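Where a number appears in this text, it was derived from the coordinates with a stated rule and is not lab data. Predicted model, so just to flag it, every value in this text is computed and none were measured. With ideal geometry, Cβ positions are generated from the backbone for all residues, glycine too; neighbour counts draw on all protein chains shown.
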Ligand code: PBG
């Protein structure tokens, strides 16, 4: 056949393929989310997230030492709070005895070079599981929630967090958190804004991990998280968070929202994170367990796709296990 452009020439050998590869993952791109609970003893496995556990503070520190040694630049910490401490107002959030603060202090002193990212939202602390305070009609109230979130962010930073990550989707919270941190002399601590966070059904296993609701029962957060149908709205969210002083922005979930990652990448010059959430992780494990997918191949492809769409960094439960593949 007379074919001028034979595309397969560039696919002929691994060496040629590596020369023409457009996207590569690097361990520097990876952020490991980790769960911490109260108490001593052995970590508890999270049923719907194989390989993921709720750490105690001491096993969390061990894990962070390993990650740091393995070149993972950052971890994102999420607390699992005892049911008895949850209430309508999430009052345990800013309580000095909140296990999150001891965890932050312990990780920071053991692993000073690891970037420590903490989640700013009330869902681990509220009995209803919402990310903020709710009124009589069950609506999450914006402005008074923002006040509490500022206090929570401040307490996290005082304990040693490098970057606070508001995941609550309240309006105006980035500006308030930035102002509060600056007033207190924490000008060098960063804000990673969950800018385009969707009201997704893929958060189920995470809610099991932090014991907020159940994985199959989806808590309706559509009054504050974004409608999964929208892209332009994500660009407005990103613009607002950028104007309010975010240092980095995030799209979440990642895999089902690659178009959003791409659109955000084209609309901001800020560093862009994408969160491959618990449900994305769980579905790869589930299909692999059934023998329906090749676990490692699909895992790697899922991460590469997120990078290819335009993410600079990826929060993924696979971070530790894939780090050695990506130098
Ligand atoms: C809550 C929060 C959630 C996740 C991160 N922070 C759940 C939610 O919004 O209901 C989900 C992460 C995941 O599914 O892995 N502020």
In percent, what relative contact order does the chain have, based on Cα pairs under 8 Å that are 6 or more apart in sequence? 19
Treating only the Cα positions of the stretch 198-277 as identical point scatterers, give the base-10 log of I(q)/I(0) from the Debye formula at each q in 0.26 Å⁻¹. -1.24
I need 325, 4, 258, 30 ordered by Cβ neighbour count within 10 Å, fewest first. 4, 325, 258, 30
For 177, 163, ascending order of other Cβ atoms within 10 Å (fewest first) is 163, 177
Alpha-carbon centroids, the stretch 299-327 and the stretch 91-158: separation in whole Å: 27
For n ≥ 4 DSSP H runs only, could you compute -39500 (n - 2.57) per run for the chain, divide by its residues and tell me the 222 nm figure to the nearest 500? -11000 deg cm²/dmol
Using the alpha-carbon centroid of each, what span in Å lies between the stretch 159-176 and the stretch 1-38? 34
Angle check, please: helix 258-267 long axis (alpha carbons) against the longest principal axis of the chain (alpha carbons), in degrees 0 to 90, nearest 10. 80
Take residue 84 and residue 308, extend 7 Å from each Cα along the Cα→Cβ direction, and tell me the distance between the two endpoints in nm. 5.1
Neighbour-count order for 56, 13, 118, fewest beta carbons within 10 angstrom listed first: 13, 56, 118
For the stretch 76-117, Kirkwood radius (reciprocal of mean inverse C-alpha pair distance, Å): 11.4
Given an 8 Å cut-off on Cα distances and at least 6 residues of separation, report the relative contact order of the stretch 1-76 as a percent. 32
Label model pair residue 227, residue 324: point-to-point distance (7 angstrom along the Cα→beta-carbon line) in nm is 4.8
Against the 2.2 N^0.38 Å rule of thumb, the C-alpha Rg of the stretch 1-155 sits at a ratio of 1.48
If I take the Cα coordinates of the stretch 169-214 and project them onto the principal axes, what are the three extents in Å, biggest first? 40, 19, 14
Taking Rh as the Kirkwood radius computed over alpha-carbon pairs of the stretch 25-326 and applying Stokes-Einstein at 4 °C with viscosity 1.567 mPa s, one gets a diffusion coefficient in µm² s⁻¹ of 68
